Amino acid sequence: MTMITISKQYFWINRVVFIFVCWSMFSCSNLLQINSVNLNEDVKIIVNKESGEVIFIQFPFKININNLSNRKKDIIKIAYEYHSTNPYKSIEAEYYFIENSRRKRVSSTGKKSVPPNGSITLKCISRHNVEDDSLNNKYSFTNKKVLDNPNPLRLSKVEDFKKKHPGLLERLTKNDSISITLLNSEDMPGEVIKVPVRY
């Protein structure tokens, strides 16, 4: 085997390796980019009007989902996951599509498609059960106007709530996350992506 023949073989091997690396880089970018973003909207409470105690506190936040690939991505489940030791676990969160400043409530298990090289935004509202808890004794969330207003009652904006009750939001939501399940190529539940919740 001559030196020229060997050089040609290495040339083609290197070319194949180069193509493979480029393909791998393209494949690695074939992902969803998911970010939890704080949303300075109303914190709301649901009150037991007979006792005046707060049953739930609700916090809004936003999820931005960006599709970095040239293929549509389907989401089949979104779930707010309370940390295993979180004593303030509650019922399922609420989810809304946000499009052109409008919102539409969606099911946590309904299929949601993210277009190729596109994005969707979801507004989420988490609920935290504080009934029969010391929080009702430590913090004064309510007053007489509660009796004259329907549930849920608007309390304040998230930023104002954090300033007025430092540490409380962290106590209620510490280590919570959002879990997103993707649909695989066989129309079965596939990869599960988790991101921490930010308020």
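The values are calculated or read from the model by the stated rules, or taken from the named source; none is laboratory data. Note that the structure is predicted; figures quoted are calculated from it, not measured. Neighbour counts run over all protein chains shown; Cβ positions are idealised from the backbone, glycine included.
The set of residues in segment 29-58 being among the polar types (S, T, N, Q) and part of a strand (DSSP E or B) consists of 33, 35, 36, 38, 58. Across segment 142-181, what is the total count of residues that are surrounded by 13 or more Cβ atoms within 10 Å (Cβ to Cβ), modelled with pLDDT under 80 and farther than 16 Å from residue 130 by Cα? Qualifying residue count for the region: 1. Of the strands (runs of 3 or more DSSP E) that lie entirely inside segment 153-199, those containing 2 or more residues that are charged (D, E, K, R) span 153-157, 189-196.
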